[in-house]
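Rule-based calculations on the coordinates, nothing more; no lab input. Being a predicted model, the structure only gives us computed values, none of them experimental. Cβ atoms come from the backbone with ideal geometry, glycine included; neighbour counts cover every protein chain shown.
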C-alpha cells in the first residue's frame, strides 16, 4: 500500500474534491451505518478524514480508531475531526497489511474507497478479518468507474474515463472494484454478505448533484489524471480535452449523468 | 412505428422472455404506480400484455385502455389479462402516432419499453400529451442497454451487448434511451418531471435474479439478435459465442451483473 501509488494524488484540489464528494454523498453512502455506544470501530484507510466525519457523527457513542498509511493525511484527518467537534475518534498511522492491533480487537471494521487502490484486495480483507472479533461486522464501500455513463455520451468522454481506469490499473489498483465487493468479501471468508448498490443519478432537476457530484467529484477526478494520461500516451491532448468538454456538456440542462457506488456489509 | 422493425421479434421464446422479465421486475418497476378508482388510463404499446398485468393488478378500480400497433400482440395481451382474471382493461389496436382518441381523454398515460423502438420519441410523447388531460400524469419506463456491466467483464461480452445496441439503432431505435427519459419528457413540454433509476444488481445471494433477470431476461435478449449480428457482419461467430459464454460465466458464483431501468413521471 505504497503512498506514492495513490492515483488521485495529495494536492489541495484533491482534498477539496474529497470533501465535496463526502458532503454530497454522505447520506447516500453512510446513512445506514451506525454503531452502538461503546462499540470498538476500526476505520482503515481514513485518508484526510472525509468519510470519518460522517462515521463519527452517525455513531457518537462508538470508540472509533481511524488509521492511514500516510502521516500527513492522518494529520489532516485529525484536524478535520477536531474542527467538526467530534471527540470519539483516535487517529494512528498504520499500514493495513501490518496492523498494530491484536486479533479480535474490534467489534466493527469500516473501509471506504481503499480496496480500489490495492493490488491484493482479498488479502487486505483477510488482514482486516484478523483484527475483527468473531460475530463482528465489516462494511466496505467502493465506487466503480466502469459504472459511469452520461447523456449525451461521446467516444471521447468514454476515452477520458477509460484513461483513469487504465492508470489506476497500472498502479496496481482496480477502479472497477465496486462490482467485485460481493465476491471479494465471500472469498475472504466473511459470511452473510449483503451488497447494495448506491446509484447517483443526476439531471437538471438536481442542481446540488450537478455541482457536488458530476462536476466537483467525478469530472474533477478524471481531470486529475490529465498529465499522466498524456505522458503515458494513453490519449492525445485534443481527444482528452474534447472528452472533458463533453462530460461538462452532460452536466448542462438536457444532460444526465450516472454513477454507482457499492456498499457491502458482512459478518466474521 | 412499423411492427416489422421490432428488434426483439415476435417469437414464442421472446414472449416467454417478456413474461419472465415482467414477473421478476414487477415490484421494482411498478410498485409505485397505482391509479385511483374511476381514473381513465391509457397504456400505449402494451405488446403482449406483460406489463399490463401489473398495471391492472395495482389499479383494480381504474379504467385502463391498452393499445398496441400489432394485432396479434393485442390478441395475446387480451388473452393474458383474461387468464389473470382482470376485468378493468379494454384492448384496442392503435398506432401511437395516430391515436383514435379525442384530446384530453385520459387522466393518466403509461408507456413502458416503447420509446426505445421509436425514431422520434419526443414526438411520440407530444402525441401522448394531446390525449392526456391538463394536470394528468404520464409515466415512462425504459431500460438502458449501455447501463449493463458484469464481473468478470470481457471485451467479447461487451461486444455482444454492443451488437444489440447497434442493431436497435439501425432499426431507428435507441436502446440507451433510459438516460434520456428526463430530457425527452422536458423537451415534450411536460412539467414536474421526476426520474428515478431502478437498478438491478445481481450476485450469488440473489438466485431468483440470476435466473429471472441475468439469464432469462438480459442474456436472452442479447442472444435474440445473434443471426442479425452475424449477417450484418457486426461480429464474427467465435467472438459472439465467447461473449455470450462470458456473460453466463458472470451469472455463476463469484460473478455479478448490473443493469438499470429508468422511470419518469411528469405532469401535463
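Taking only the C-alpha atoms of the protein assembly as shown, the Rg (one decimal) and the largest Cα-Cα distance, Dmax (whole number), read 24.8, 76 Å. Shape descriptor for chain A: Rg over Rh equals 0.97 (Cα atoms; Rh from the Kirkwood inverse mean 1/r). For chain B, take the longest principal axis of its alpha carbons; what is the angle in degrees between that and the long axis of helix B:71-83, to the nearest 10 within 0 to 90? Once rounded, the angle reads 80 degrees. Using a Debye calculation, one point per C-alpha and no hydration shell, please list log10 I(q)/I(0) for region A:227-268 at q = 0.35 Å⁻¹ in order. Each listed q maps to, in turn, -1.09.
Given the -39500 (n - 2.57) contribution per DSSP H run of 4+ residues, what per-residue ellipticity at 222 nm results for chain B, rounded to the nearest 500 deg cm²/dmol? Estimated from H runs of four or more residues: -10500 deg cm²/dmol.
What do you get when you divide the Cα radius of gyration of region B:161-219 by 2.2 N^0.38 Å, with N the number of residues?
Numbers: Rg = 15.4 Å, N = 59, 2.2 N^0.38 = 10.4 Å.
The reported ratio for this selection is 1.49.
In this assembly of identical copies, the label point of residue A:119 (Cα plus 7 Å along Cα-to-Cβ) is separated from its counterparts by 5.4 nm, sorted shortest first.
Compactness of region A:103-211, taken as the C-alpha radius of gyration over 2.2 N^0.38 Å, stands at 1.27.
Closest approach of a chain A Cβ to the axis relating A and B (residue, whole Å): A:199, 3.
For the peptides B:172-182, B:147-157, residues were scored by their other Cβ atoms within 10 Å and the scores averaged per peptide; the highest-first order is B:172-182, B:147-157.
Here the spin labels are modelled as points 7 Å beyond Cα on the Cα-Cβ line, and at residue B:192 and residue A:227 they lie 5.2 nm apart.
Across the identical copies, the 7 Å label point of residue A:32, projected outward along Cα→Cβ, sits 1.5 nm from its counterparts, in ascending order.
Using a 10 Å cut-off on Cβ to Cβ distances, tally the other chain neighbours for every residue of A:172-179 and report the average as a whole number. Walk me through the numbers on the way to the answer.
On the way: counts 0, 0, 0, 0, 4, 1, 4, 12.
Shielding by partners across A:172-179 averages 3.
Given R0 = 30 Å, the distance between the Cβ atoms of residue A:104 and residue A:32 translates into a calculated FRET efficiency of 0.75. Between copies, residue A:232 shows label-point distances of 3.3 nm, shortest first, with the point placed 7 angstrom from Cα along Cα to C-beta. The average projected area of region B:19-76, computed from the convex hull of its Cα atoms over all directions, is 3.8 nm². Which angle from 0 to 90°, rounded to the nearest 10, does the C-alpha axis of helix B:155-170 make with the longest principal axis of chain B? Compared with the principal axis, the helix lies near 40 degrees.
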